[in-house]
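Asker: Take this structure, written in structure tokens, and hold onto it; I'll ask about it next.
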Amino acid sequence: MIYNKKTVSEYIRSPLVLFALLIVLAITAYFFSKISIPLILLLISIPLIVVYFFYIVQNPSLGLITIVIFSFIIPGISRYLPGENKLGLIIDALLVLTYIACLFNGKIFKNKHHLIKIDLLLLSVFWMLYNILQLFNPYTAYAGAWFAVVRPIALYLLLALPLASMLIVNNRTFNIILIIWGIFSILGTIKAALQIYIGLDQYEQIWFNEVGYLTHFVNNHLRAFSFYTDAGQFGAAQGHAAVIGFIMMTAVKNKRLKFFYALMGLSGLYGMILSGTRGAVFVPYIAALAYVILRKNIRMALLALFLSAMAFGFLKFTYIGNQNYFIYRMRTAFDPNDASLQVRIENQRLFKQYLRDKPFGGGVGMAGYWGQHYGVDSPLARIATDSWYVQIWAEEGIIGLILYLSILIYILAKGSYIIMFRLKNEENITKMIALMAGLAGVAVASYGNNVIGQIPTSFLTYFSIAFIFGAQELENELNQKQLTS
């Protein structure tokens, strides 16, 4: 939808827009300097950035679409750049540019500000304030580590939810984001298959030799990571994509879209298996349970419980298919004596002992990878967090964990209420169930891996929340379209 039909020349004659453009270029130069982009590349990029800025001023939803695209691209590209890079700051820049575009569009905040969900805004502000107060935690030793970690933990949530609530107000944007999601998920599985059956390329091999071999080569088998940060994120993301694909396939009527979403679902499941990520199996498992609950169908619920019990029994109590490594790997997710699980339990015991007198945690950015990266002299830096929730608990304490889980439970509960009791259009209900089922699966899988805290899953999750909470506006548009068609 075009919100502003002024010509480019009319924009340029406006001193206000010229001032905005200078701000945009300054922000771009700052972020490019932080991610070590050569000056010549910056100069080449300026005309493209100017054109892009004018486009998103006219249609700020383009900013959200760009964020989704870059959230898939950045992790993979990072492996092909020498040394340390900070490409993640591109996401920050896109968020800032999209907010600036909304301000200078003239109509977004004026006509769409009422779409911002006050409850989501207050919860995300409250969570951000708690994280800001963590700067005064005596165990938060490095502001740089705090900034690196607070972005995925709290800042992106605060920036993404109100922005998406205003801009995701039409089914066209909804469909575009889902199609982009599907395309990258299919490409991700293709890349994973190439890694398994052909081998790693030169730059992937370097990453594997330096970082990945400890966790990505298990029992003489490679765990595929595709162009994602690691196999854990890839597996959970593909399980998420499978849920979206299969449920969306039942929602759309267009045969081409049905085929596309079926392919998204199948490739998602296959990619999840290739990742060898055991915790990822809980994404479709929990999503299936969420689906039948949201459908409010007793017979379907009983059938789903029966099939779930059969699947659980197959993996837990049989050895069928163990000659296939990937089936064997999935089966170990249900083995309480698994060595990897025992290591995680021991790590959590160590965290519990260290945190017994630290209700506000050991400091944001002090645990696991970032603690090691910044040379933090803390026991937290020497213990792997593994889980998204364990990381929050270790860094922000039991109080922080309770706050975060309370926010997440509120979102799941209210989102489910909207779907079950406020929506009437069957197509819209099915689409929102897809998002909510996927969200529930990812929320549970985040106990085993850092899923929600990494791109692309983080922004896909936040945008899904915005879609669900804005589902009634989407339904009104859909009803009008169906009446006129």
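Asker: Residues that are assigned by TED's automatic domain parsing to the domain that holds LEU133, outside any helix (DSSP H, G or I) and surrounded by fewer than 22 Cβ atoms within 10 Å (Cβ to Cβ): does segment 409-416 have at least one?
Answerer: No, there is no match, as no residue in segment 409-416 is assigned by TED's automatic domain parsing to the domain that holds LEU133, outside any helix (DSSP H, G or I) and surrounded by fewer than 22 Cβ atoms within 10 Å (Cβ to Cβ).
Asker: Please list, ordered by residue number, the helices (runs of 4 or more DSSP H) wholly in segment 124-208 having 3 or more residues that are of a type in the set (A, V, I, L, M) and either assigned by TED's automatic domain parsing to the domain that holds ASN428 or surrounded by fewer than 22 Cβ atoms within 10 Å (Cβ to Cβ) (or both).
Answerer: Correct list: 143-150, 156-167, 171-197.
Asker: Across segment 370-421, what is the total count of residues that are among the basic types (Lys, Arg) and modelled with pLDDT of 90 or more?
Answerer: Adding up the residues that qualify gives 1.
Asker: State which residue is surrounded by the most Cβ atoms within 10 Å (Cβ to Cβ) when the search covers only segment 263-292 and only residues that are more than 18 Å from ALA445 (Cβ to Cβ) and in contact (Cβ under 8 Å) with a residue 24 or more places away in the chain.
Answerer: Within segment 263-292, the match that is surrounded by the most Cβ atoms within 10 Å (Cβ to Cβ) is MET264.
Asker: Something else: For segment 348-404, give me the residue count where each residue is touching a residue at least 40 places away in the same chain (Cβ under 8 Å), more than 20 Å from TYR142 (Cβ to Cβ) and outside the structural domain of ALA443 (by TED's automatic domain parsing).
Answerer: The qualifying residues number 2.
Asker: For segment 374-400, name all the residues that are small (Gly, Ala, Ser) and outside any helix (DSSP H, G or I).
Answerer: Selection gives GLY375, SER378, ALA384, SER387.
The values are calculated or read from the model by the stated rules, or taken from the named source; none is laboratory data. Nothing here was measured: the structure is a model prediction, and the numbers come from that model. All Cβ positions, even for glycine, are placed from backbone atoms using ideal geometry, and neighbour counts span all protein chains on display.
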